[in-house]
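Enquirer: Can you keep this structure in mind? I'll have questions shortly.
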Amino acid sequence: MTPTVNEELCDQPCSSPIADEAVATAATHLRDILAIAIEHTNLQTAVIVSDARCDLAIALTEAYKRCLPDAEFIDFDAVSPDAILAIFETLVPADLVVLIQSTSFRLDAYRMRVELFKRDLKVIEHPHLSRMPGEEALHYIESLAYDPAYFRGVGSALKERIDRARCGVVDSGGERLVFGSPFESAKLNVGDYAGMKNIGGQFPIGEVFTEAQDLEAVNGRVRIFVFGDTSFSVNKPDKPITLVVTKGRVTDTIDSTPEFDQVLANIRADEGEVWLRELGFGMNRAFSAQRMVSDIGTYERMCGIHLSLGAKHGVYNKPNIRRANARHHVDVFAVTEAVYLDDEVVYRDGAWQF
């Protein structure tokens, strides 16, 4: 029996190996993540499961070898699922599992990160690496830099300000999206797991997110410069698309594209209407409107505002949305001139004002 992956194949062929200088940089960043965010020590066991299907996966595996020379390294494509599961069975709470994935690992019905968290293991995931070849791989490595003063300090300040705000505005350069409602308690993804049940998650990190307590209190217009398309890849139209939002729903678009129309059509086919839910405050300074990567789940950490379209959002429950019928969560990225919470500017000139 051989390991199985999802139906996705590597999006890009391997080009040329990533330079040793970049691997050394990755190792430096990973040491900080391991020591500061994950708080891993040599008293705990570490298991790294990786593949060699793309340059970035190979480079990250080598970087972890430099950080964790005593760890057990498993080639996902060289052993059986049963062998991998047997190794997981030997781990005890607070041990570490790192998943370095050109696509996304599957072990039959075993939901890897979920099951590992159930065992109280620490988990670091690096998925969909094949979507980021060449220069994008270097952007990804840069995004792993862990500055605790910035992530924890600014992240906590953002959460505090969001949680006491009565309203907010996203100014996307001539258009304003108004959140005429207080916000749900903001969640942090800043590498500080104190008091949390699960330690770790998908890297890179850098995000604070919330949504309006009253989704129907969201109105106005917002210009988006990137959206996640039907292949979960970053799609950047030639000019920004303007979304018209009425009572929390996308009711019209200006300067749309066939690809974005298809995204909206898919949501409406399954859910009947297009809700706007998540308000994400991305914090990772390695990504911007000028410095991008193709994987939408990675680019979601971009320093700026992202929103989600579709009814699906597992963190917050809303009485007017049935979770069983919510199927879509599509990230879109706002042209962000400024962000206001109440009357205070919290984002301007490409940076959070804390």
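The values are calculated or read from the model by the stated rules, or taken from the named source; none is laboratory data. Note that the structure is predicted; figures quoted are calculated from it, not measured. Note: ideal-geometry Cβ built from the backbone for every residue, glycine included; neighbour counts use all protein chains shown. Accessible surface is based on the protein model in full, side chains and every heavy atom, while ligands, DNA and RNA are left aside. Shrake-Rupley method; radii C 1.70, N 1.55, O 1.52, S 1.80 Å.
Enquirer: Only one of 251, 230, 257, 242 is surrounded by fewer than 22 Cβ atoms within 10 Å (Cβ to Cβ) and farther than 30 Å from residue 143 by Cβ. Can you tell me which?
Expert: Selected residue: 251, the only one of 251, 230, 257, 242 that is surrounded by fewer than 22 Cβ atoms within 10 Å (Cβ to Cβ) and farther than 30 Å from residue 143 by Cβ.
Enquirer: Tally time: how many residues in region 103-129 are among the small types (Gly, Ala, Ser) and either in a strand (DSSP E or B) or more than 16 Å from the chain's Cα centre (by Cα) (or both)?
Expert: Residues in region 103-129 being among the small types (Gly, Ala, Ser) and either in a strand (DSSP E or B) or more than 16 Å from the chain's Cα centre (by Cα) (or both): 1 in total.
Enquirer: Please determine, by comparing only the residues of region 302-344 that are hydrophobic (A, V, I, L, M, F, W, C) and loosely packed, with under 13 Cβ neighbours inside 10 Å, which one is nearest to residue 160 (Cα to Cα). Let's see the steps before the verdict.
Expert: Let us first name the residues in region 302-344 that are hydrophobic (A, V, I, L, M, F, W, C), namely 302-303, 305, 307, 309, 311, 315, 321, 324, 326, 330, 332-335, 338-339, 341.
Next cut, loosely packed, with under 13 Cβ neighbours inside 10 Å only: 315, 324.
On the way: 315: 18, 324: 32 Å.
Residue satisfying both the conditions and the ranking: 315.
Enquirer: Considering only region 174-193, state which residues are assigned to a loop (DSSP other than H, G, I, E, B) and at pLDDT 95 or above.
Expert: Selection gives 175, 180, 181, 182, 184, 185, 186, 190, 191, 192, 193.
Enquirer: Keeping to region 230-249, report how many residues are at negative phi and assigned to a loop (DSSP other than H, G, I, E, B).
Expert: Looking only at that region, the number is 7.
Enquirer: Looking only at region 301-348, how many residues end up being β-branched (Val, Ile, Thr) and either in a helix (DSSP H, G or I) or in contact with a Pro (Cβ under 9 Å, 6 or more places away or on another chain) (or both)?
Expert: 1
Enquirer: For residue 273, are the conditions met, namely being part of a helix (DSSP H, G or I) and either in contact (Cβ under 8 Å) with a residue 24 or more places away in the chain or surrounded by fewer than 17 Cβ atoms within 10 Å (Cβ to Cβ) (or both)? Step through it out loud before you land on a result.
Expert: Values: part of a helix (DSSP H, G or I): no; either in contact (Cβ under 8 Å) with a residue 24 or more places away in the chain or surrounded by fewer than 17 Cβ atoms within 10 Å (Cβ to Cβ) (or both): yes.
So residue 273 fails the test.
Enquirer: Here's something else I'd like to know. Evaluate region 129-151: report whether one residue or more is small (Gly, Ala, Ser), within 30 Å of residue 74 (Cβ to Cβ), open to solvent by less than 10 Å² (accessible area, probe 1.4 Å) and out of contact with any strand residue (DSSP E or B) (no Cβ under 6 Å at 6 or more places or on another chain).
Expert: yes
Enquirer: Residue 252 fails exactly one of the following numbered conditions: (1) free of Cβ contacts under 8 Å to residues at least 12 places away in the same chain; (2) in a loop (DSSP other than H, G, I, E, B). What is the number of that condition?
Expert: Status for residue 252: all satisfied but (2).
Enquirer: Among the residues in region 278-293, are any over 23 Å from residue 354 (Cα atoms), in contact with a Leu (Cβ under 8 Å, 6 or more places away or on another chain) and not β-branched (Val, Ile, Thr)?
Expert: Scanning region 278-293, I find no residue that is over 23 Å from residue 354 (Cα atoms), in contact with a Leu (Cβ under 8 Å, 6 or more places away or on another chain) and not β-branched (Val, Ile, Thr), so the answer is no.
Enquirer: Can you spot a residue in region 163-172 that is open to solvent by 10 Å² or more (accessible area, probe 1.4 Å) and part of a loop (DSSP other than H, G, I, E, B)?
Expert: The answer is yes, given that some residue of region 163-172 is open to solvent by 10 Å² or more (accessible area, probe 1.4 Å) and part of a loop (DSSP other than H, G, I, E, B).
Enquirer: Then there's this: Given (1) out of contact with any Phe, Trp or Tyr (no Cβ under 6 Å at 6 or more places or on another chain); (2) under 30 Å from residue 40 (Cβ atoms), identify the lone condition not met by residue 158.
Expert: Unmet condition: (1).
Enquirer: Something else: With (1) of a type outside the set (D, E, K, R); (2) under 21 Å from the mean Cα position of the chain (by Cα); (3) open to solvent by 50 Å² or more (accessible area, probe 1.4 Å) as the list, and residue 90 as the residue in question, which single condition is left unmet?
Expert: Answer for residue 90: the failing condition is (2).
Enquirer: Now, a different point. Does residue 157 qualify as being touching a Pro at 6+ places or on another chain (Cβ under 7 Å) and closer than 18 Å to residue 210 by Cβ?
Expert: So residue 157 does not fit the description; no.
Enquirer: Return the total of residues in region 204-226 being open to solvent by less than 10 Å² (accessible area, probe 1.4 Å) and more than 25 Å from residue 145 (Cα to Cα).
Expert: Of the residues in region 204-226, 6 are open to solvent by less than 10 Å² (accessible area, probe 1.4 Å) and more than 25 Å from residue 145 (Cα to Cα).
Enquirer: What pairs can you find where one residue is in region 62-82 and within 23 Å of residue 106 (Cα to Cα) and touching a residue at least 24 places away in the same chain (Cβ under 8 Å), the other is among the basic types (Lys, Arg) and open to solvent by 20 Å² or more (accessible area, probe 1.4 Å), and their Cβ atoms are less than 9 Å apart, with a gap of 6+ or different chains?
Expert: Pairs that qualify, where the first residue is within 23 Å of residue 106 (Cα to Cα) and touching a residue at least 24 places away in the same chain (Cβ under 8 Å) and the partner is among the basic types (Lys, Arg) and open to solvent by 20 Å² or more (accessible area, probe 1.4 Å), are 71/65; 73/65; 77/53; 81/106.
Enquirer: Within region 213-237, restricting attention to residues that are aliphatic (A, V, I, L, M) and under 20 Å from the mean Cα position of the chain (by Cα), which residue is farthest from residue 339 (Cα to Cα)?
Expert: Looking at residues that are aliphatic (A, V, I, L, M) and under 20 Å from the mean Cα position of the chain (by Cα), I get 234.
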